[in-house]
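Contents: one structure, followed by commentary.
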Amino acid sequence: MGYTVAVVGATGAVGTQMIKMLEESTLPIEKVRYLSSSRSAGKVLQFKGQDVTVELTTEDSFDGVDIALFSAGGSTSAKFAPYAVKAGAVVVDNTSYFRQNPDVPLVVPEVNAHAMENHNGIIACPNCSTIQMMVALEPVRQKWGLERIIVSTYQAVSGAGQSAINETDHQLRQVLNDGLNPKDVTAEILPSGGDKKHYPIAFNALPQIDVFTDNDYTYEEMKMTKETKKIMADDRIAVSATCVRIPVLSAHSESVYIETAKVAPISEVKEAIANFPGVVLEDDVANQIYPQAVNAVGSRDTFVGRIRKDLDQENGIHMWVVSDNLLKGAAWNSVQIAETLHDKGLVRATDDLKFELK
C-alpha cells in the first residue's frame, strides 16, 4: 500500500515542479490529489500519464491524505494546513508562514533531517535562497565551525512566481523588439507586488526582494538571517544578507563570505564540500569552470565554486553558490522531506494538534 499525497497549489510554478518531483520520487504513492483555488479548480493535469482533475481546496479536502505538500501562499497554508493535520496528514509547507513557529521544524534534509523526528504534523521548507546556502555551508560548519556569514544573492525572477516570469519576458520583448528604453517598460510586479512602486527588471538589478522591515532590511534578507540560525540551531552565528533580483528566469546565485571558528585549509574545504550529499563542486578556475545559473536549471543539486581564502582575514573564505530555486529551493526540498519522513517512519497522524483552525 502506498500513500495518498495532496499537492496544494498544484497549478503554480512550484506546484508544477512538485508534481514532476513526485513522479520521479522513491516515495510509495498510491494516489495523488491536486488542490487549488477556484480559479484553477476543474483543470486536468497528469500524474505518470494519468489524468487528475484539480479540486477546490476546502476544509474537508484532506480526508484520507497522508502527506500534503503546500505551495499556494502563506494565507492558504495558515487557513488549511491545520485542517490537513487534523485529518491525519503530515504537511510539508513551502511558504514562509510556519518557518519561525517553535513547534514547526525548518528542514533541509542534508543538514538537519533529525529535526523532523518530533514534528507535530507540520514541517516547513526554508526560503529558496537559504536552502542552497545551508547545503553549501554545512560541510564547512561540521568540520571548522561558523562564526559569520555575509551573503549577497542574485535571484531569478521565477522566485516571484509565474507572473514575474511573464513580466520579465514582456519587458525584454519591449526593449529588444519594440526598441523601448528599459526605463520606460511596463512594470507592475517587481521588485515586490506588495510594495508601492514597481521598477523594470529587464536589463536591470533590483536590490529589493519583498518589502522592507523597520531595520531597513527586506523580509527576504531577514528570512535568510533567521532561518540560518534556526536550521543550524545556533543563534551565535552572525548572518547578514543583501538580496538582489536579476533578469534571469531560473536558478539563484549567491556570493557567500564566511568566517570559520577554526582556520580551514582551502584544499580541505573543497574536499569536504565535494563529498557532501546534494553538492557538486565546480571549481577549476584555470579552465574557467565555476557554477552558472544556466547549467543549474533542471538539477536537484547545489553547485559550489570560486572557493578562495580572503586576502586579509585568516579565517575568511569566499565562495559562489548556484541552485535551481524551483527545485532544490522549493519543490525538490519538499519532496525530499516527504521521502525522509517515509524513510524514518514519521508519516503519522499527530496526537497533539498545536495549530489553530481558522
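The values are calculated or read from the model by the stated rules, or taken from the named source; none is laboratory data. Here the structure is a predicted model, which is why all the values come from computation and not from measurement. Note that each Cβ is placed from the backbone with ideal geometry, even for glycine, and that neighbours are counted across all protein chains shown. SASA here: full protein model, heavy atoms, side chains in, ligands and nucleic acids out. Shrake-Rupley method; radii C 1.70, N 1.55, O 1.52, S 1.80 Å.
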key: For the stretch 69-97 and the stretch 180-225, distance of Cα centres in Å   = 27
request  = Counting only C-alpha contacts under 8 Å and six or more residues apart, can you give the relative contact order of the stretch 130-323 as a whole percent?
outcome  = 28
ask   = Using the alpha-carbon centroid of each, what span in Å lies between the stretch 100-135 and the stretch 1-67?
value = 22
Cβ crowding within 10 Å averaged over residues, with 228-241, 274-287 ranked highest first = 228-241, 274-287
inquiry  = Suppose a student asked you for the relative contact order of the chain, using Cα pairs under 8 Å spaced at least 6 residues apart; what percent would you report?
reply    = 20
key: Packing-based ranking, highest mean first, of 55-62, 81-88, 137-144 given that Cβ atoms within 10 Å are counted   = 81-88, 137-144, 55-62
query = Order of 256-269, 300-313 by packing, highest average Cβ count within 10 Å first?
reply = 300-313, 256-269
task = Pop the C-beta distance of A205 and Q288 into the FRET formula with R0 = 30 Å and round what comes out to the nearest 0.05.
result = 0.85
Cα→Cβ-extended label distance, 7 Å offset, between I246 and I150, nm = 1.9
inquiry  = Please compute the Kirkwood hydrodynamic radius over the stretch 138-217, one decimal place, Å, based on all pairs of different Cα atoms.
reply    = 14.7
task = Once you have the Cα-Cα distance between A238 and T186, take 0.36 nm times their residue separation minus that, and quote the gain in nm to one decimal.
result = 14.8 nm
query = So what's the convex hull volume per residue for the Cα atoms of the stretch 1-138, in Å³?
reply = 115
key: Dmax and Rg, reported as Rg then Dmax, of the stretch 130-323 (C-alpha, Å)   = 17.9, 56
CD proxy at 222 nm, helix term only [per DSSP H run n ≥ 4: -39500 (n - 2.57); per residue of the chain; nearest 500] = -8500 deg cm²/dmol
remark   = Rounded to 0.05, the calculated FRET efficiency for the beta carbons of K309 and N275 at R₀ = 22 Å is 0.65
message = For the chain, what does the accessible surface come to per residue with a 1.4 Å probe? Please give it in Å².
response = 44
request  = Would you please report the Å³ per residue occupied by the convex hull of the alpha carbon atoms in the chain?
outcome  = 160
message = Taking 10 °C and 1.306 mPa s as the conditions, I'd like the Stokes-Einstein D for the stretch 88-145 in µm²/s, using the Kirkwood hydrodynamic radius from alpha carbon pairs.
response = 132
